[in-house]
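**Q** If you scroll down you'll find the structure; I have some questions about it.
The values are calculated or read from the model by the stated rules, or taken from the named source; none is laboratory data. Quick caveat, the model's predicted, so the values are computed rather than measured. Note: ideal-geometry Cβ built from the backbone for every residue, glycine included; neighbour counts use all protein chains shown. When the accessible area is computed, the model is the full protein with side chains, heavy atoms only, and any ligands, DNA or RNA have been set aside. Shrake-Rupley method; radii C 1.70, N 1.55, O 1.52, S 1.80 Å.
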Amino acid sequence: MSGTPSFTRPGETNPHPKPIARIAAGVDGYREGRDAAALASMIAGAARAELLLVGVHPDPMVVLPAEIGWTGMRKEAQRFLRETRDTVAPGARIVVETDWSVPRALERVVQREHRDLLVVGSSRRGPAGRVRIGDRTRQLLSHSRCALAVAPRGLSEQPARRLTRIGVGYDGAPESESALALAGALAVSAGATLSVRSVVDDRVPMVGWQSAVREQVLAMWDELLAPHIAALLERAQSASEATGAELAEVDVRRGRPADALMELCEQVDVLVIGSRRWGGAARVLLGRTGEALMHDASAAVLVVPRAEV
């Protein structure tokens, strides 16, 4: 979301993102891999999507006995994939890839299997109940061509449930339009409610003004923001209604966008956000707000890639 009260780019449009029909989840032998499978299963059930669980093992650089070499690693990967599937993702397909780089293997599967969404778990070093991206997820960013979702730690240990409330951050920019379109479609498919939150960062810029001018700006700042807030609320309401989803709330807050969206995370099962406004097209890119959410959100976070141009 933007850090300024400018919400639109005249003449710029953004096509709606592809619906989520094919999902991949990166699964390893740790709890966080099961968390990814659990979230992917929830979203697949809501979107009526096909689910693929992906395990990756390295290729030994030396010849080893079969039971501990390539064959043994592959059998172990297949075992924990089947165990994860039977526990949290019944009906999912499984596939095992061989690669020293887990992110590279996942991206290869996403492209080969035409996935619309990749789901991964949080870092094992993160706090329970929170999203915290690790090094491997960081490597996926800027390269992933499909939407990317991160599950909070410990999700798989909670009772199985369906998606009932979906949140989305909206600021009127094309990237947030894509996020709203996907969130709305998911809410409609799941029979869930949609909560739309817009945030105006009302912190006054302290650079570029002399002291006397800054005091004048401070005195009239609320007045300057008022029309932007009203226009954003009107646009958010209209765009939200166009999704056809049942709306729980559409509101505009003032303050730091990350703080307002963190608060929304306490009320939803998954928060959908757009990529940052600049960077490569058709890629998942995090801005300042996305970075903050990916390091402490209490709900799963799903990031929609920038549209192709």
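**Q** Output the residues belonging to region 29-52 that are open to solvent by 30 Å² or more (accessible area, probe 1.4 Å) and either touching a strand residue (DSSP E or B) at 6+ places or on another chain (Cβ under 8 Å) or within 13 Å of GLU157 (Cβ to Cβ) (or both).
**A** Passing the criteria: TYR30, ARG31, ARG34, SER41, GLU50.
**Q** Considering each residue of region 181-207, count those that are open to solvent by less than 10 Å² (accessible area, probe 1.4 Å) and at pLDDT below 95, and give that number.
**A** Counting residues in region 181-207 that are open to solvent by less than 10 Å² (accessible area, probe 1.4 Å) and at pLDDT below 95 gives 4.
**Q** What pairs can you find where one residue is in region 241-267 and free of Cβ contacts under 8 Å to residues at least 12 places away in the same chain, the other is open to solvent by less than 80 Å² (accessible area, probe 1.4 Å) and assigned to a strand (DSSP E or B), and their Cβ atoms are less than 8 Å apart, with a gap of 6+ or different chains?
**A** Once the first residue is free of Cβ contacts under 8 Å to residues at least 12 places away in the same chain and sits in region 241-267, its partners that are open to solvent by less than 80 Å² (accessible area, probe 1.4 Å) and assigned to a strand (DSSP E or B) give GLU241/LEU247.
**Q** Here's a follow-up. Mind checking which residues of region 97-112 are closer than 21 Å to ASP35 by Cβ and either open to solvent by 40 Å² or more (accessible area, probe 1.4 Å) or not hydrophobic (A, V, I, L, M, F, W, C) (or both)?
**A** Once the filter is applied, which keeps residues that are closer than 21 Å to ASP35 by Cβ and either open to solvent by 40 Å² or more (accessible area, probe 1.4 Å) or not hydrophobic (A, V, I, L, M, F, W, C) (or both), region 97-112 yields GLU97, PRO103, GLU107.
**Q** Could you tell me whether region 131-142 includes any residue that is open to solvent by less than 10 Å² (accessible area, probe 1.4 Å) and touching a Lys or Arg at 6+ places or on another chain (Cβ under 7 Å)?
**A** No, region 131-142 contains no residue that is open to solvent by less than 10 Å² (accessible area, probe 1.4 Å) and touching a Lys or Arg at 6+ places or on another chain (Cβ under 7 Å).
**Q** Let me ask something else about it. Being open to solvent by 40 Å² or more (accessible area, probe 1.4 Å), modelled with pLDDT under 65 and of a type outside the set (Lys, Arg) is the filter here; which residues of region 281-309 pass it?
**A** GLU308, VAL309
**Q** Identify the residue in region 1-25 that is over 30 Å from ARG254 (Cβ atoms) and at pLDDT below 95 and, among all such residues, is least open to solvent (accessible area, probe 1.4 Å).
**A** Filtering region 1-25 for residues over 30 Å from ARG254 (Cβ atoms) gives 15, 18-25.
Next, only the ones that are at pLDDT below 95 stay: 15, 18-20.
Values: PRO15: 78, LYS18: 133, PRO19: 101, ILE20: 17 Å².
Among those that are over 30 Å from ARG254 (Cβ atoms) and at pLDDT below 95, it is ILE20.
**Q** Any idea which of VAL150, VAL109, VAL96, VAL120 is of a type in the set (Val, Ile, Thr) and farther than 29 Å from ILE273 by Cα?
**A** Details: VAL150 fails: farther than 29 Å from ILE273 by Cα; VAL109 fails: farther than 29 Å from ILE273 by Cα; VAL120 fails: farther than 29 Å from ILE273 by Cα.
Matching residue, one of VAL150, VAL109, VAL96, VAL120: VAL96.
**Q** Restricting to region 63-90, count the residues that are at pLDDT below 90 and in a loop (DSSP other than H, G, I, E, B).
**A** Total satisfying the criteria: 7.
**Q** Restricting attention to strands (runs of 3 or more DSSP E) lying wholly within region 91-177, give those where 3 or more residues are modelled with pLDDT of 95 or more and under 18 Å from the mean Cα position of the chain (by Cα).
**A** Where strands (runs of 3 or more DSSP E) fall fully within region 91-177 and carry at least 3 residues being modelled with pLDDT of 95 or more and under 18 Å from the mean Cα position of the chain (by Cα), they are 117-120, 165-169.
**Q** Hey, could you check region 262-280 for residues that are at pLDDT 95 or above and touching a Ser or Thr at 6+ places or on another chain (Cβ under 7 Å) and say which is surrounded by the fewest Cβ atoms within 10 Å (Cβ to Cβ)?
**A** By that ranking, first place goes to GLU266.
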